[in-house]
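Beneath this line is the structure, given in structure tokens, with notes to follow.
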């Protein structure tokens with residue numbers, strides 16, 4: 001009888017332990033799935049491109065840095081480790097599953113013409129902003145029509161997403177993965193898959209992606225708008241732009 005009682009008690013204890021473990025498992029958040037590493041070509045590795053290269057390499061992605069003077073990027077690539085490479089803009093366009101374009105706006109028409117075949121069909125994140133004092137009269141016209149309308153004309157045949165144009169490079173470095181609510185990065189694009197990839201890369205960089213809408217709505221976070229270079233949370237940005 002005593003042996004039977006001990007077996008019963010042991011069974012009850014085991015069932016109780018299992019129940020507690022199941023309760024703990026149910027109340028714990030599910031682990032986030034590891035991001036799939038991507039190859040990212042960066043055309044124009046200045047302040048914005050360089051800051052994002054660091055964040056994306058840290059997240060496990062592979063990058064190819066490029067500029068008009070690629071030899072000047074070798075020290076940055078060496079500091080980032082084996083997942084960072086250096087090449088020409090053409091090599092960056094060919095390398096990337098995703099291509100970040102971060103050049104002076106006046107360079108976009110020629111870049112789109114020179115790399116039309118290399119960029120064809122690719123997801124392109126466009127950070128470029130038109131400044132008349134730097135880019136000349138074309139910037140005035142672009143600001144009137146909006147970058148979401150102008151950039152696709154200069155970069156034909158790509159799956160364009162306006163991204164990372166409304167945040168300063170210093171804030172990219174300082175605010176990534178900050179404690180509390182993340183800083184929001186507004187996005188606009190007409191291709192659903194391209195937007196999904198852009199959202200993942202924003203998250204991997206340590207920010208909160210907010211899809212504003214199609215490319216036509218990119219003007220809502222162009223230079224001079226309320227969200228431009230302001231450190232807003234996702235909720236604040238949605239409220240500011242009347243997004244659901």
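Each reported figure results from applying straightforward, stated rules to the coordinates on display, with no laboratory input. This one's a predicted model, so the numbers in the text were calculated from it and none came from an experiment. Here the Cβ is made from the backbone with ideal geometry for all residues, glycine too, and neighbour counts use every protein chain on show.
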Whole-Å distance, taken between Cα centres, linking region 116-171 and region 38-107: 17
In Å, descending, principal axis extents of the Cα set of region 196-242: 27, 22, 18
Difference of contour (0.36 nm per residue) and Cα-Cα distance, residue 177 to residue 134: 12.3 nm
Å³ per residue enclosed by the Cα convex hull of region 54-167: 108
Using alpha-carbon coordinates, inclination of helix 47-58 to the longest axis of the chain, degrees: 30
Distance (nanometres) between label positions extended 7 Å along Cα→Cβ at residue 90 and residue 113: 1.6
Estimated distance in nm for a label pair at residue 78 and residue 153, the labels positioned 7 Å out from Cα along Cα-to-Cβ: 4.5
Sequence of 144, 179 once ranked by neighbouring C-beta atoms within 10 Å, starting from the fewest: 179, 144
Entry for mean projected area of the Cα convex hull in nm² (calculated from the structure that is shown) out of (i) 15.7; (ii) 14.3; (iii) 17.8: (iii)
Degrees between helix 2-27 axis and first principal axis of the chain (Cα, 0 to 90, nearest 10): 20
Chain lengthening between residue 203 and residue 244 when straightened (0.36 nm per residue, less Cα-Cα): 12.8 nm
